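These notes are about the structure you will find just below.
The values are calculated or read from the model by the stated rules, or taken from the named source; none is laboratory data. Owing to the predicted nature of the structure, the values given are computational and were not obtained by experimental measurement. Here the Cβ positions follow ideal geometry from the backbone for every residue, glycine too, while neighbour counts run over all protein chains shown.
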Amino acid sequence: MNRREIVKLLGLGGLSFYSKFGYSKNKSNKIPIKPIVLSTWHNQSIKANPIAWQILSQNGSALDAVENGVQVCENDINNCCVGLGAYPDRDGFVTLDASIMNHQYEIGAVAALERIKSPIHTARMVMEKTPHVFIVGKGAQDFALNQGQNLESSDLSPNALNAYQNWLSKSEYQPKINIEKNQNTPPANEFNHDTIGMIAMDANGNLSGACTTSGMAFKMHGRVGDSPVIGAGLYVDNAIGAATATGHGEEVIRTCGSFLVVEYMRRGFSPEKACKLAVERIKQITPRDPKSIQVGFIALNKKGEFGAYALQKGFDFGVNTNDETKKFEALALI
């Protein structure tokens, strides 16, 4: 066998190897991407994920999926943590925060938004209709009205009013939170987790994420948590993956938590390991007693692999790769 024949044989063998394992440049051998959506807290995701999945299963965009998915929770008047039916701040006002990010690094966010039903839609309009990325307060409200949303009633929902009256009867109004004792700060658990974060990948392999919240119950008026802060409550890098957070926003902001998770995935860690490393970082640097707070992350990488981790036990999330929303319990440090 001469040199030319040897080279020819090796070349054919190489093509056979790459084709077998899906690396062939021939587009006909490309492995199809399977859409996926996941969101924080199963009691939220069981309502939100099917709407997002319906869009994904019909080859819709991940951006449309996450917006429409979390809107289900915003529209639920009995939701204590998201939308206008949620628990108010210490002065009796419901203020809403939201952020959204697509696969092209385009972002939009709103904070301290009052009397607007869908802050996630307002955030998307900020992204698509303005040269800005973050609008707050009265300016955000005016912009939402300009974009066709309605000014809703300022009355609290029956559930929120009852919770607020109970809080007033038992809790002394304090303008500052005692960090060491964590006074007057409700625990972030299944019933007061203050957010829904959703991340998804569509059939084109594009990632997007959305995060919407009423903020922590009975917070100081004007307080803003991590949910509308891109890089804290939500981050998407279409080349790597996406992450979103839930729990005590101050701790997530302190670490740029969701961005940190994505950066760990960039270094090659699995989504679960990336979430764990971010949670360990929070536990390491927080000035609070770690046992008095809760933080959880969910993450999705470009391969469609997902994972989660929490500071304390009790954090769950829902995942759809078909019509069924599967519940997963996140591992925890404490």
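Odds and ends about this structure:
- For Gly307: the one exception among (1) touching a Pro at 6+ places or on another chain (Cβ under 9 Å); (2) in contact (Cβ under 8 Å) with a residue 40 or more places away in the chain; (3) within 24 Å of Ile51 (Cα to Cα): (2)
- Total residues in the range 280-321, condition at pLDDT 95 or above, among the β-branched types (Val, Ile, Thr), over 14 Å from the mean Cα position of the chain (by Cα) and within 15 Å of Ile253 (Cβ to Cβ): 3
- Positions within the range 142-167 being under 17 Å from Val82 (Cα atoms) and of a type in the set (S, T, N, Q), in sequence order: Ser153, Ser154, Ser157, Asn159, Asn162
- For Leu156, the criteria (1) surrounded by fewer than 20 Cβ atoms within 10 Å (Cβ to Cβ); (2) more than 21 Å from the chain's Cα centre (by Cα) hold in every case but one, which is (1).
- Residue ID - nearest to Ile199 (Cα to Cα), chosen from residues in the range 114-131 that are more than 17 Å from the chain's Cα centre (by Cα) and touching a residue at least 24 places away in the same chain (Cβ under 8 Å): Lys117
- Count - residues of the range 71-85 that are touching a helix residue (DSSP H, G or I) at 6+ places or on another chain (Cβ under 6 Å) and among the aliphatic types (A, V, I, L, M): 2
- Selection within the range 322-334 - crowded, with 17+ Cβ neighbours inside 10 Å and in a loop (DSSP other than H, G, I, E, B): Ala330
- Scanning the range 275-289 for residues that are assigned to a helix (DSSP H, G or I), over 19 Å from Gly314 (Cα atoms) and touching a residue at least 24 places away in the same chain (Cβ under 8 Å) gives Arg281, Ile285.
- Selected residue (criterion: farthest from Asp202 (Cα to Cα)) from residues of the range 88-106 that are touching a residue at least 24 places away in the same chain (Cβ under 8 Å) and among the acidic types (Asp, Glu): Asp91
Listed here are the residues, each with its yes/no results for (1) modelled with pLDDT under 95; (2) under 22 Å from Gln149 (Cα atoms); (3) touching a Leu at 6+ places or on another chain (Cβ under 9 Å); (4) hydroxyl-bearing (Ser, Thr, Tyr).
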{"site": "Ile33", "(1), (2), (3), (4)": "yes, no, no, no"}
{"site": "Leu38", "(1), (2), (3), (4)": "no, no, yes, no"}
{"site": "Asn79", "(1), (2), (3), (4)": "yes, yes, no, no"}
{"site": "Leu96", "(1), (2), (3), (4)": "no, yes, yes, no"}
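- Flag if Ala109 is assigned to a strand (DSSP E or B), farther than 14 Å from Val236 by Cβ, in contact (Cβ under 8 Å) with a residue 60 or more places away in the chain and not aromatic (Phe, Trp, Tyr): no
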